[in-house]
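Here's the structure, in structure tokens; my notes come after.
Read-outs throughout are calculated quantities, based only on the coordinates presented, and are distinct from any laboratory measurement. None of these values were measured; they are calculated from a predicted model. Cβ placement follows ideal geometry from the backbone for every residue including glycine, while neighbour counts extend to all protein chains displayed.
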Amino acid sequence: MNHAAQESIRVPIRKDTDLTVVRQQVRALAQRTGFGLVQQTKLVTAASELARNTLLHGGGGAAEIRVVHGQAGAGLSVSFVDSGPGIPDVDLALSDGYSTAGGLGMGLSGSKRLVQEFEIESGPDGGTRVTVTSWADPYSVGHGVR
Ligand SMILES: Nc1ncnc2c1ncn2[C@@H]1O[C@H](COP(=O)(O)OP(=O)(O)OP(=O)(O)O)[C@@H](O)[C@H]1O
Ligand SMILES: [Mg+2]
């Protein structure tokens, strides 16, 4: 049996209380993957903002949380997926203070600063997937072939 493949959880994001479940599951899996408290909290904070975007801007969707193994050791990768309107200009959406919803516009840009890897797949035709990855030992990143 492949135990690594079992370390993957899908959390629906349909209502406010689901955001709490996302935070709990990300923290639990980060702990089990060997994240220290600071790394855990950074990833949970990023996940919380991105899950809120999935709900508010994407009309709901899901979070996919999975353990990954790379050159930097063990990490956690979390994708936030929705089939909402999409983000027509990703660079603009990532700039500090940009919000189409009267928010602070700090969710995306702030999240990006809290994780080691950050990717947005979206466009004007709809649907958004934001994937963030953090490593249990962030200091191992950048000393390899990157
Ligand atoms: N999943 C998504 N689907 C569609 N648009 C999105 C999505 N996530 C973000 N956006 C767009 O990117 C903008 C910036 O997002 P960001 O999280 O930085 O700010 P915000 O959610 O408006 O405010 P806050 O600071 O409260 O998070 C949003 O206002 C929205 O236009
Ligand atoms: Mg936001």
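With axes computed from alpha carbons, what is the tilt in degrees of helix 16-32 against the longest principal axis of the chain, rounded to the nearest 10 within 0 to 90?
In the chain, helix 16-32 runs at an angle near 20 degrees to the longest axis.
Relative to the longest principal axis of the C-alpha atoms of the chain, give the angle of the C-alpha long axis of helix 37-56, reported between 0 and 90° and rounded to the nearest 10°.
Here the helix axis deviates by roughly 30 degrees.
Can you put TYR98, TYR139 in order of Cβ neighbours within 10 angstrom, beginning with the fewest?
Starting with the residue having the fewest Cβ neighbours, the order is TYR139, TYR98.
With 10 angstrom as the radius, rank LYS42, LYS15 by how many other C-beta atoms surround their C-beta, starting from the fewest. Walk me through the numbers before you get to the answer.
Working: LYS42 21, LYS15 10.
Arranged by neighbour count, lowest to highest, LYS42, LYS15 become LYS15, LYS42.
About the Cα centre, and with charges only on the beta carbon of Lys, Arg (+1) and Asp, Glu (-1), how big is the dipole of the chain? Nearest 20 debye, please. Numbers along the way, then the final one.
Values: 13 positive and 14 negative charges, 100 e Å.
In total the dipole reaches around 480 debye.
Exposure proxy check: LEU108, LEU114 ranked by fewest other beta carbons within 10 Å?
On the way: LEU108 23, LEU114 18.
Ascending number of Cβ neighbours within 10 Å: LEU114, LEU108.
Would you grab the residues whose amide H sits under 5 Å from the one on VAL68? Only those 5+ places off in sequence or on another chain, please, with H modelled 1.01 Å from N.
Close amide H contacts, sequence-distant or interchain: GLY75, LEU76, SER77.
With n ≥ 4 as the cut-off for DSSP H runs, can you work out [θ] at 222 nm for the chain, using -39500 (n - 2.57) per run divided by the number of residues, rounded to the nearest 500? If you can, show how the numbers build up before the last one.
On the way: 5 runs with 53 residues, N = 146.
It comes out at -11000 deg cm²/dmol, rounded to the nearest 500.
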